[in-house]
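Structure, as structure tokens:
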Amino acid sequence: MPLCFIEPHDAIRVVAQSVGRDARRQLLAEVVRAWVDEIPEDELQVHYAKAVDELDEDDLSMLAAWHASLEVGQPIANKEFLLGAFPRLGEHRREALRIAAGFKGDDAFEAGVSEEQALDTVLPWLSEARVKELAADAVELYCWDRLGSDN
């Protein structure tokens, strides 16, 4: 029987505080991906609208370019187009939300929002099974970071 003295949520936070910048960004991206995966279908559009609303012009342009690759209409780098096209993305809606949330997270990271704040926002929404999976990934990332990355 394994002994465990730290909860998975806390393990993720400890790893985030213990790794370099690149590894920390990768861990946060995985946490956001897990969060998007667990959002109920009927709530995706609401979260997408929130994420898109906070994007700057550059991020809107990149997101519109991604939409263009899916051929959901002539992409326009504005919020109205992106929100209107969202229902037509079908199975790609979660990926669109991941991208938008990732841009939002990158902007927050650059603006000085701490990883701790980001984790506090997202981790409580994840299922226990998903948090355990992320904690295992975080430990692997910690080893990668400490054992030889250029980070």
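Residues that are outside any helix (DSSP H, G or I) and either under 23 Å from Thr121 (Cα atoms) or touching a Ser or Thr at 6+ places or on another chain (Cβ under 9 Å) (or both) do not occur anywhere in region 80-101. Note on region 115-151: residues that are of a type outside the set (Ser, Thr, Tyr) and modelled with pLDDT under 65 amount to 2. If you check Asp53, Asp42 for being of a type outside the set (Gly, Ala, Ser), exposed (fewer than 13 other Cβ atoms within 10 Å of the Cβ) and touching a helix residue (DSSP H, G or I) at 6+ places or on another chain (Cβ under 7 Å), only one passes: Asp53.
The residue list Gly105, Gly112 contains one member that is at pLDDT below 90 and at positive phi, which is Gly112. Only one of the numbered conditions (1) at pLDDT 85 or above; (2) more than 12 Å from the chain's Cα centre (by Cα); (3) among the acidic types (Asp, Glu) is not met by Asp37, and that is (2).
Residues of region 116-148 being in contact with an Asp or Glu (Cβ under 7 Å, 6 or more places away or on another chain) and not in a helix (DSSP H, G or I), which ones? Within region 116-148, Leu126, Ser127 qualify. Report whether or not Val32 is out of contact with any Asp or Glu (no Cβ under 8 Å at 6 or more places or on another chain), modelled with pLDDT of 90 or more and surrounded by 14 or more Cβ atoms within 10 Å (Cβ to Cβ). In short, no.
The values are calculated or read from the model by the stated rules, or taken from the named source; none is laboratory data. Since we're looking at a predicted model, the values are computed, not measured. Heads up, the Cβs are rebuilt from the backbone with ideal geometry, glycines too, and the neighbour counts pull from every protein chain shown.
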